[in-house]
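Take a look at the structure set out below.
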Amino acid sequence: MIEIGSGPEAIDLGAERLKLGKLVAFPTETVYGLGADALNADAVARVFELKGRPASNPLIVHVPDIDMAQRVVGEWSHDAQRAAEKLWPGPVTLVLPKSSCVPGIVCAQGDTVAVRCPEHPCALALIEAFGSPIVGPSANPSGRISPTTPEHVVDGFTTRPHNTDLEIDPEIDLLVIDGGHCRSGLESTVVDLTGERAKVLRVGVVGAETISQALGHDVDCITQSDSKSSPESDIARSPGHVGAHYQPTKPTRLVQSGQLKQAKKQTVLISWSIDTHPDAGGLIQLPRDIEGFGAGLYRSMHEADKLIGDSIWIEIPNHEDISAEHRPIYETVMERLGRATHA
Ligand code: TXA
Ligand code: MG
């Protein structure tokens, strides 16, 4: 059964469930996470099973503060301290050497662990009430669109998209804590601090420049072509970020503003520039500003997937007058769109 709860009772119930090795989906400022006791290998195995996630793709461990982060990290470096002090709580995940208390399954049997202190009050309250770190991959079946509302989480695990062979678990046992729509709507920046130079493995709304300022030195950035196609080196270090991802079930493509008028009735449009579909089909509008576009993007893709139609066209976001401050959001949106689109 899936239950949605809110308020302090849901937090208490969530903490009780975590102690029993059960799953609790929780809101963060980025997307909803699928939580379980990070130090309980059986509980973590349930997360992999429900998501249909390959065992080779490690999970992020969520903590409420630096003290708890230090419990799951083997060697807490100066860089870790600087990044955590300046960027937490917030949408930045740090990859560091793992401590022996973290079960191998969390880290895909590797020697590093990804840690993040989220900013959402419900997430912090849940981890604090539980008193121990929790894993939190995005609360969606592997490969699909990340959830930004509690309803997306429920839908993801209870409805079988018509053109997939995704198995629905009839015995599902999940509490979803309702914290409203996620504010930023795009997953955290993942930064590897284990190498000689810090390296961004997954882009996010906190850009490389901000991370480099926090650390006091330069940061490398995995290139899109690296992370899309190369099977080598760094890719193996952030395996969840390789190739297709974040995909609606309908064929989805990116289009220029000028192409929208060619849409047929069966084409569902996601657009920031028009307010009526040229052929009276489905239309979902997104804000013109990139912050609003990024925050609403996943919700619009979830909605478009439910509308009548045989394909989805997403209008390339407005990229005029983007300030330096908003540049990382634009880059993140474009990177996610690149993975979401397929034939
Ligand atoms: O914003 C977020 O990060 C959300 C919220 C719920 O916190 N979580 C999230 O988790 O996006 P997930 O599992 O969907 O994505 C985690 C990414 C994957 O690409 C995974 O491969 C990478 O982080 N990752 C996890 N542990 C890692 C490690 N030890 N080394 C390198 N990459 C790692
Ligand atoms: Mg994910």
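Remarks
- Boolean, VAL106 is within 10 Å of ligand 1 (Cβ to nearest atom) and either of a type outside the set (A, V, I, L, M) or more than 15 Å from ASP192 (Cβ to Cβ) (or both): yes
- Of the helices (runs of 4 or more DSSP H) lying entirely inside region 24-143, those containing at least 3 residues that are within 16 Å of ligand 2 (Cβ to nearest atom), more than 30 Å from HIS217 (Cβ to Cβ) and not β-branched (Val, Ile, Thr) span 41-51.
- Residue selection: ALA129 satisfies the criterion of being over 22 Å from VAL92 (Cα atoms), away from ligand 1 (no atom under 12 Å from the Cβ) and of a type in the set (A, V, I, L, M, F, W, C).
- If you go through region 115-136 and pick out every residue that is open to solvent by 20 Å² or more (accessible area, probe 1.4 Å) and within 22 Å of VAL206 (Cα to Cα), you end up with 5.
- The condition of being open to solvent by 30 Å² or more (accessible area, probe 1.4 Å), in contact with a strand residue (DSSP E or B) (Cβ under 7 Å, 6 or more places away or on another chain), at pLDDT 75 or above and within 16 Å of ligand 1 (Cβ to nearest atom) holds for only one of ASP220, ASP192, that being ASP220.
- So ARG327, is it surrounded by fewer than 16 Cβ atoms within 10 Å (Cβ to Cβ), modelled with pLDDT of 95 or more and not in a loop (DSSP other than H, G, I, E, B): yes
- Only one of the numbered conditions (1) surrounded by fewer than 23 Cβ atoms within 10 Å (Cβ to Cβ); (2) within 19 Å of HIS62 (Cα to Cα); (3) within 17 Å of the chain's Cα centre (by Cα); (4) more than 10 Å from ligand 1 (Cβ to nearest atom) is violated by VAL203, and that is (1).
- Restricting attention to region 34-76 and to residues that are touching a strand residue (DSSP E or B) at 6+ places or on another chain (Cβ under 7 Å) and not hydrophobic (A, V, I, L, M, F, W, C), the residue that is farthest from ALA198 (Cα to Cα) turns out to be ARG46.
- Residues being modelled with pLDDT of 95 or more, among the aliphatic types (A, V, I, L, M) and open to solvent by 20 Å² or more (accessible area, probe 1.4 Å) - total across region 137-173: 1
- Complete set of residues in region 1-45 that are over 23 Å from CYS101 (Cβ atoms), away from ligand 1 (no atom under 16 Å from the Cβ) and among the small types (Gly, Ala, Ser): GLY5, SER6, GLY7, ALA10
- Scanning region 68-81 for residues that are touching a residue at least 60 places away in the same chain (Cβ under 8 Å) and over 14 Å from CYS117 (Cβ atoms) turns up SER77, ASP79.
The values are calculated or read from the model by the stated rules, or taken from the named source; none is laboratory data. Computed from a predicted model, the values in this text were never measured in an experiment. Ideal geometry is used to build each Cβ from the backbone, glycine not excepted, and the neighbour counts take in all protein chains shown. Surface accessibility is based on the protein's heavy atoms, side chains included, excluding ligands, DNA and RNA. Shrake-Rupley method; radii C 1.70, N 1.55, O 1.52, S 1.80 Å.
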